[in-house]
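Note sheet for the following structure.
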Amino acid sequence: MNAKPPHLPLSGITVVSLEQAIAAPLASRHLADWGARVIKIERPGKGDFCRDYDYVMNGMSSQFAWTNRSKESLALDVKSSEGKRVLDALLPQADVFLQNLAPGAAKRLGLDAATLAERFPRLIACDISGYGSGGPYGEKKAYDLLVQCEAGFLSVNGTEEQPAKCGIAVVDSSTGMYIVNGVLMALFDRERTGKGMAFEVSLFDSMTEWMSYPAYYTDGARKPLLRTGTRHATIAPYGPFRCGDGRTVFFGIQNAREWTALCAQVLDDAALASDPRFCTNPQRMQNRDALETLIERHFADFTADQVLQRLDDAAIANASMNTVEAFLKHPQLHARHRVRQVGSPNGALMSFLPAITIPGVEPVMGDIPAVGEHTDAILAELGLLEKAGS
């Protein structure tokens, strides 16, 4: 089992997660990062199907490596009598139970949040689904890209000519974070009341929150946001600009001070700030093509590095458009020691530190388990090893 440093925020918390794919495993990994013991229940044999998404990390799936460090793997057929016996012994010792089985499956097994919270009053139990309980989509299966479609995300992402999916698992990631939010709130509430909590998080509800800005805009403006590729849909100038060396830089103007500084210190034209075509953001949006042409004409005399320096000097937020390869070498990652290695059945693998930094506290960066690697140890701990093997 992975050794956990003492005195972490979630030390002493045991999470049992009947999980697969990304959203639930990502949530439980976040809890493991900060000291929770996470017992991951997997199907005997193949385990979590996310293990087979690809084999690019020394023969392991990149997505599985991302979401499953620092866990114990318990191979268990939860439909069998043996599986039920193990869960009956394990769940009374758990603080948190997560499950993202197919719609209806957990309830048929008596493993839905409401049933478990009634059986174990101190347990915090979460149902994770595609569309939430009830409603016409309540029994519909869902995956990340499919919920991006249903929530309207593709309609606001991409170019004017062509919609595009998000290049990362944005729905699963948002759902994972809301699961963690719910668990932490429930743990805090239990400290005060002594009672656990049953709650649910769905991919669709999570993405609904993240789609609020385009939804509110569409409702208020009575027209949808346009897809604008790498440009911001409602702020100008905000997006990509070509420089004299052929490279592209990004920057964004968010307020009057930044607009004035851009004109005076970057474009060398202080009078431009009061040009009636550009002096407010709505006017800049109406005349964006002309403004972008003007900016790129000025940038043609400078390299990208020179433009970035001018923007920095003017306190205007900016960025280089990096590839993932460049990101992996990013000086900020390495200067702050954010890249680590974790163990796995296939050797050491790259991993990033969790996003939260607590001074003086080192998060857990434990091994990625093999399928069922900890089954015997967990069964022995429960006093069930001989029974399970008989």
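The values are calculated or read from the model by the stated rules, or taken from the named source; none is laboratory data. These figures come from a predicted structure and were not determined experimentally. We place every Cβ from the backbone using ideal geometry, glycine too, and count neighbours over all the protein chains shown.
Being loosely packed, with under 15 Cβ neighbours inside 10 Å and on the phi > 0 side of the Ramachandran plot: is that true of Gly134 here?
The answer is yes for Gly134.
If you scan the range 129-175, which residues turn out to be under 19 Å from Gln63 (Cα atoms) and among the β-branched types (Val, Ile, Thr)?
Val147, Ile168, Val170, Val171, Thr175, listed by residue number.
Tell me the residue from Leu116, Leu123, Leu145, Leu109 that is surrounded by fewer than 21 Cβ atoms within 10 Å (Cβ to Cβ), in the same structural domain as Val86 (by TED's automatic domain parsing), over 18 Å from the mean Cα position of the chain (by Cα) and hydrophobic (A, V, I, L, M, F, W, C), please. First the steps, then the outcome.
Working: Leu116 fails: surrounded by fewer than 21 Cβ atoms within 10 Å (Cβ to Cβ); Leu123 fails: surrounded by fewer than 21 Cβ atoms within 10 Å (Cβ to Cβ); Leu145 fails: over 18 Å from the mean Cα position of the chain (by Cα).
When all the criteria are applied, what remains is Leu109.
So for the range 254-268 (the condition being assigned to a strand (DSSP E or B), assigned by TED's automatic domain parsing to the domain that holds Gln309 and touching a residue at least 40 places away in the same chain (Cβ under 8 Å)), does at least one residue qualify?
Checking the range 254-268: not a single residue is assigned to a strand (DSSP E or B), assigned by TED's automatic domain parsing to the domain that holds Gln309 and touching a residue at least 40 places away in the same chain (Cβ under 8 Å).
How many of the residues in the range 268-316 are acidic (Asp, Glu) and in contact with a helix residue (DSSP H, G or I) (Cβ under 7 Å, 6 or more places away or on another chain)?
The qualifying residues number 2.
In the range 291-369, which helices (runs of 4 or more DSSP H) lie fully inside it and hold 1 or more residues that are over 30 Å from Arg277 (Cα atoms), touching a residue at least 24 places away in the same chain (Cβ under 8 Å) and in contact with a strand residue (DSSP E or B) (Cβ under 8 Å, 6 or more places away or on another chain)? Give the steps one after another, and end with the answer.
Working: elements: 304-313, 324-328, 331-335.
Filter on the range 291-369 gives an empty set.
In the range 157-206, how many are within 17 Å of Phe97 (Cβ to Cβ), among the acidic types (Asp, Glu) and surrounded by fewer than 15 Cβ atoms within 10 Å (Cβ to Cβ)?
So the count comes out to 1.
Name the residue that is nearest to Met185 (Cα to Cα), counting only residues in the range 81-114 that are in a helix (DSSP H, G or I) and charged (D, E, K, R).
Among residues in the range 81-114 that are in a helix (DSSP H, G or I) and charged (D, E, K, R), the one nearest to Met185 (Cα to Cα) is Lys107.
Does Val78 satisfy the condition of being in contact with a strand residue (DSSP E or B) (Cβ under 9 Å, 6 or more places away or on another chain), over 22 Å from Pro363 (Cβ atoms), surrounded by fewer than 21 Cβ atoms within 10 Å (Cβ to Cβ) and of a type in the set (A, V, I, L, M)?
yes
Within the range 135-250, which helices (runs of 4 or more DSSP H) (wholly inside it) include 2 or more residues that are within 30 Å of Ala94 (Cβ to Cβ)?
144-150, 170-193, 203-210
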